[in-house]
Amino acid sequence: MLLWLSSSSLVTLFFILLITSVLSGLLFLHPRVPLSFVRIHIGVLALPVLVSILALANPALNGVVGPWNLDSLAWLMAFFVLSIGLIIQRFSMRYLMGDRCYRLYFLLFTFTTGVASTAWLSDDLRLMVLCWGATLVGLTLLIRLNRGWKLASEASKISGRLFTLSWFSLLVAVIWLFQVTGQWQLSLALTDENVALFGAWERTGTNLLIVLAVIIPAAQWPFQRWLIESVVAPTPVSAIMHAGLVNAGGVLLTRFSLLFNGDVASIILLIVASISVLIGSGISLVQVDYKRQLVGSTIGQMGFMLIQCALGAYIAAIIHLILHGLFKATLFLQAGSAVRRLEVSTRVNDRSSYLWIIVGRTLGLIVGVAFWSLAPGEGYQLISALILGWSFSVSWTQLVAFGEGKMGRIAGLSFLGGSAIVYFIIHHLFYEWLHTTVYQSVQPPMSVVIIVLCFLLFGSAIGTWVARNRSSASFSLLYLWLVRLGEAKTKSVESHPTYLKQYLSQGGNQ
């Protein structure tokens with residue numbers, strides 16, 4: 001229907017519809033507009049999503065048009081952020097009904113996802129930094145949506161301070177990039193000729209600033225505190241936060257990949273992300289609060305994504321952040337149904353089950369070695385081989401070894417095979433979209449990769465040993481440390497929110 005439009009016409013139509021959606025949110029803010037208008041607002045939100053997917057489906061429209069870089073990565077991220085935002089706002093129509101900030105929520109949510117998608121479409125570094133700053137401001141306002149609650153106010157202050165540091169770091173990096181290259185357009189600034197103008201210290205300094213700008217929104221150690229505090233935000237806000245904004249570091253590093261190319265900053269990012277993987281995994285294991293479990297999981301998953309970026313596997317990082325976003329948004333939106341039920345274990349403990357487990361571990365080892373043998377010189381392939389082999393072994397154990405009888409194991413094998421087929425189809429599809437627009441940078445030395453891999457394995461082994469010796473002092477110390485690390489600060493905790501007293505007093509007076 002819209003395929004006859006040129007690139008400039010399509011991007012113009014996209015931003016007209018995007019601005020219209022923000023104006024729709026402003027109109028809904030007026031108290032005289034009926035609440036039923038929210039359905040019209042949701043319909044308006046779907047229009048820029050439609051345009052973005054049509055642009056993504058037509059690679060011939062790719063190119064730089066004025067201040068916009070309309071490549072496959074830009075349209076993919078715009079479509080992803082806006083479609084996730086549309087789904088979550090549709091979910092919020094009933095979920096937040098009756099909240100006193102109901103109208104403001106839809107405006108802030110629309111504004112935040114709108115400027116986030118604009119940032120990824122921008123080829124002008126100034127516009128990119130401005131839009132990303134506006135995204136962080138919108139996210140901070142969403143966290144403190146219920147400003148009468150002390151905990152939400154404290155969480156927004158912590159987030160705001162760290163976001164300011166992140167944004168200022170990106171701003172300085174962009175200004176430094178302009179001083180060296182004389183270009184504000186990203187596509188012109190990051191060419192082989194302009195990158196060669198950087199001295200060793202200039203390149204390292206710029207990359208370290210970019211790393212700082214990335215690890216703060218990704219809640220990496222030692223800046224994970226803001227994400228832990230943010231669990232007080234409404235659950236739909238947490239969903240978009242974990243699905244489309246926390247993982248933005250992967251997109252930023254992909255955009256600056258020609259500059260971020262195997263120097264000391266990559267090694268530092270690799271180390272920080274590896275520590276974050278272990279910390280995030282530990283927090284998710286010891287927390288009993290469902291949202292805090294998801295927060296710990298996100299910290300660890302973002303660590304894996306940044307490890308992929310540090311190893312130059314940017315296409316894999318983009319696939320990771322999108323699939324993680326879809327998965328984590330789903331988990332947050334079903335958080336209200338996360339009550340655990342006591343179920344009787346049906347696992348079979350006979351000798352045949354143990355034989356199936358041994359078969360699964362053997363096959364996992366074979367899969368990992370085979371995957372690694374395809375590209376023995378790439379550090380990312382080594383880590384991918386480990387993850388793939390381990391994932392296959394665990395999946396085999398859960399689906400096949402512990403299957404109920406012959407039919408249960410057949411069903412497990414079928415599901416495992418189907419998942420593998422879907423995995424390869426998705427990776428092939430994303431590769432076709434991104435291989436011409438995403439630069440694959442030089443990786444850190446293999447020795448560094450092996451050290452990081454050994455660090456992850458050692459941390460996992462220590463955790464496993466401590467968990468098996470739960471009566472030891474080591475287990476108690478580690479457990480309590482991880483619990484404390486995943487909890488909010490003492491001054492941010494209220495036994496009974498004070499804003500409830502206001503509601504009760506108002507109800508009593510009536």
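A short reminder: the numbers here are calculations on the coordinates, not readings from a lab. Computed from a prediction, not measured in an experiment: that's the story for all the values here. As a convention, Cβ positions derive from the backbone with ideal geometry for all residues, glycine included, and neighbour counts pool all protein chains shown.
Some observations on this one:
- For region 1-77, the calculated P(r) over all alpha carbon pairs, in 5 Å bins from 0 to the bin holding the longest distance, is 3, 15, 24, 20, 13, 10, 8, 5, 2, 0 percent.
- Residue 355-residue 179 FRET efficiency (beta carbon distance; Förster radius 45 Å; 0.05 resolution): 0.10
- Computed from label points 7 Å out along Cα-Cβ, the spacing between residue 369 and residue 90 is 4.8 nm.
- One decimal place: the segment residue 191-residue 27 gains 54.6 nm when fully extended, by the rule 0.36 nm per residue minus the C-alpha distance.
- Between residue 474 and residue 461, residue separation times 0.36 nm minus the direct Cα-Cα distance comes to 3.3 nm.
- Were the residues from residue 451 through residue 99 laid out at 0.36 nm apart, the gain over their Cα-Cα distance would be 121.7 nm.
- Mean separation of Cα contacts under 8 Å (6+ apart) over length of region 124-334, as relative contact order %: 21 percent
- FRET efficiency estimate (nearest 0.05) - Cβ-Cβ, residue 58 to residue 150, R0 41 angstrom: 0.25
- Low-density loop positions, trypsin sites (Lys or Arg not before Pro), region 22-121 - DSSP coil, at most 16 other Cβ in 10 Å: 32, 100
- Near-label residues of region 284-302 by backbone N, under 18 Å of a point 7 Å along Cα→Cβ of residue 165: 299
- Cα convex hull of region 1-156, projected area averaged across orientations, nm²: 9.6 nm²
- Ratio of the Cα radius of gyration of region 184-302 to 2.2 N^0.38 Å, where N counts its residues: 1.21
- Zone residues, region 266-308, relative to residue 398, backbone N less than 12 Å from point 7 Å out along Cα-to-Cβ: none
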